[in-house]
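Below you'll find the structure, written out as structure tokens, and then a few comments.
The values are calculated or read from the model by the stated rules, or taken from the named source; none is laboratory data. Since we're looking at a predicted model, the values are computed, not measured. FYI the Cβ positions are ideal-geometry reconstructions off the backbone, even for glycines, and counts take in every protein chain you see. Protein only, heavy atoms only, side chains kept; ligands, DNA and RNA dropped before computing areas. Shrake-Rupley method; radii C 1.70, N 1.55, O 1.52, S 1.80 Å.
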Amino acid sequence: MDTGIDLGAAAFFAAAAVATAAAAFLVLRAYRKAAGARPRPLWAMGGCLAGALAALGLYVAFGSPGRADAPHAPRLAALMAAAPESLGPLEIIAVEEAKAATDPDNPMPPFVVAAVHEQIGDFEAALVAYDLALRRAARLAADPDTPDAERALLMRAQGGAMSRMAGLITAQNGGVANEQALSLWAAASTLAPNNPEPFVHRAYAAARAGRHEEAEALWTEALARLPPDSPMVAMAQRLRSLAERGEIPGPPPSLNPAEPPPSP
């Protein structure tokens, strides 16, 4: 008689229930030998078995045993067909990761994935995605068939990504720029020379370390790249004045890696 129940799945869950109870029995028996006779492994075994079997019963009664999950491909296709502004962060990540998998030479999808991870605070995932984007962009930039205009854009994109990575590493390090972060900012200054962000961070790190002449020069470089109406101009001018007087600044007003990066 066809009951609509996958007996193989039911048998699997029953076996899991028995295994759960047996595990509880063995652990509590060892505990009793080590710490006295208060624990009652048979009661625990019975409780685990009853709980697991109850879960099995609910699954059989209300679940869909034996029924496959909804296919992934149609769900992903629906997301890719949706308007980008209607997607949430995790949906954007799913769409862009699918694009990255099907177009392994394109650095843009992992750049987008990294930026979204950064915005939602998943810094480790953002660093991994930025690293992938950097490697793809570097390969394209090194390709002799890449047009010069596109190569210049790829280099600026690499510099922007390196700057974001340095900011994330600094945030993970409690706001202190370590050697890895400083190396990334130095490389970013070369790859994206018009981006003021690396110069700002390098200047601040030099100032905090007491390297006043270096800090003054870097603040000058940062000011030359900051838009005149940028709110950071006044801060950079004040901190350059401190470097000129040989004074060490206090904690930074803002070294927030979640802020949108300047355009490359």
task = Residues being open to solvent by 40 Å² or more (accessible area, probe 1.4 Å) and not in a helix (DSSP H, G or I): count how many of those fall in the stretch 154-191.
result = 4
query = Looking at T146, is it under 18 Å from the mean Cα position of the chain (by Cα) and of a type outside the set (F, W, Y)?
reply = no
ask   = Is there a residue in the stretch 97-111 that is surrounded by 12 or more Cβ atoms within 10 Å (Cβ to Cβ), of a type outside the set (S, T, Y) and in contact with an Asp or Glu (Cβ under 6 Å, 6 or more places away or on another chain)?
value = yes
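Out of L154, L191, report the one residue that is modelled with pLDDT under 95, more than 18 Å from the chain's Cα centre (by Cα) and more than 24 Å from L223 (Cβ to Cβ).
On the way: L191 fails: more than 24 Å from L223 (Cβ to Cβ).
Answer to the selection: L154.
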